[in-house]
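Data block below; observations after.
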Amino acid sequence: MSNTIKNFAKGFMLFGIFMTLVIIAHKAHGSQQPPGRVCLAQNIYFEAANQPLAGRIAVANVVMNRVEDGQFPNTICEVVYQAKWEENWRGNMVPILNQCQFSWFCDGKSDEPTDSKTWMKAIRLADSVLDGTYTDITENALWYHADHVDPYWNDYLQQTVYINNHIFYK
């Protein structure tokens, strides 16, 4: 057998061993994920991926503040997926278009992240928020909106902070 084939076979075998270790490590880490990690990361990704770090932290803070507030569900995933629901033609329950707490969840578009680098940043940030690395920078805000819209409800709330193009309220 030529050296080229031997080197290729050796490289292929090492690659296989490496990928096996990656999969094992991922499964071991995956079983220790904090509850709500993926839900919080999805909300960071879809609501604030284009924001600076402070904006992404603030969006995560609103979710965490809602979990602690009696007006909202008491888990991260329930807060993120809070919506009005209806049965579709297939008999499946689906969120009603534009009737969700967070617009990305019921905008009719896919909820699968497409930018892996940005998704990994959202996962890491969710971990940091969950482990207490980042504390609340919104002054206990429970709501926010982009500054290019003027929802009816903002007149009844106290503005806390303005970060990039999002306004936060309690």
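The values are calculated or read from the model by the stated rules, or taken from the named source; none is laboratory data. Only a predicted model underlies this, so the values are computations on that prediction, with no experimental measurement involved. When we count neighbours, we look across all protein chains shown, and the Cβ atoms used for this are built from the backbone with ideal geometry, even at glycine. We work out accessible area using only protein heavy atoms, side chains counted, and drop any ligands, DNA or RNA first. Shrake-Rupley method; radii C 1.70, N 1.55, O 1.52, S 1.80 Å.
Tabulated values for the structure
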item	result
Qualifying positions in the range 122-170 - hydrophobic (A, V, I, L, M, F, W, C), assigned to a loop (DSSP other than H, G, I, E, B), at pLDDT 95 or above and open to solvent by 20 Å² or more (accessible area, probe 1.4 Å)	I137, L157
Flag for Q99 being under 21 Å from Y144 (Cα atoms), part of a loop (DSSP other than H, G, I, E, B) and open to solvent by 40 Å² or more (accessible area, probe 1.4 Å)	no
So Y81, is it within 12 Å of the chain's Cα centre (by Cα) and not charged (D, E, K, R)	yes
Cβ pairs under 6 Å, 6+ apart, first in the range 102-113 and in a loop (DSSP other than H, G, I, E, B), second surrounded by fewer than 14 Cβ atoms within 10 Å (Cβ to Cβ) and modelled with pLDDT of 90 or more	G108/L97
Residue count, the range 45-94 (criterion: in contact with an Asp or Glu (Cβ under 9 Å, 6 or more places away or on another chain), more than 22 Å from K121 (Cα to Cα) and either outside any helix (DSSP H, G or I) or touching a residue at least 60 places away in the same chain (Cβ under 8 Å) (or both))	4
Any hit, the range 90-102, residues being within 20 Å of Q33 (Cβ to Cβ) and of a type in the set (A, V, I, L, M, F, W, C)	no
Neighbours by Cβ (under 6 Å, 6+ apart or cross-chain): first from the range 147-170, over 17 Å from F102 (Cβ atoms) and aliphatic (A, V, I, L, M); second in a loop (DSSP other than H, G, I, E, B) and open to solvent by less than 100 Å² (accessible area, probe 1.4 Å)	V161/T138
Residue check for K117: surrounded by 17 or more Cβ atoms within 10 Å (Cβ to Cβ) and at pLDDT 95 or above	no
Out of Q82, Q33, Q71, Q42, sole residue that is open to solvent by 60 Å² or more (accessible area, probe 1.4 Å), at negative phi and at pLDDT 95 or above	Q71
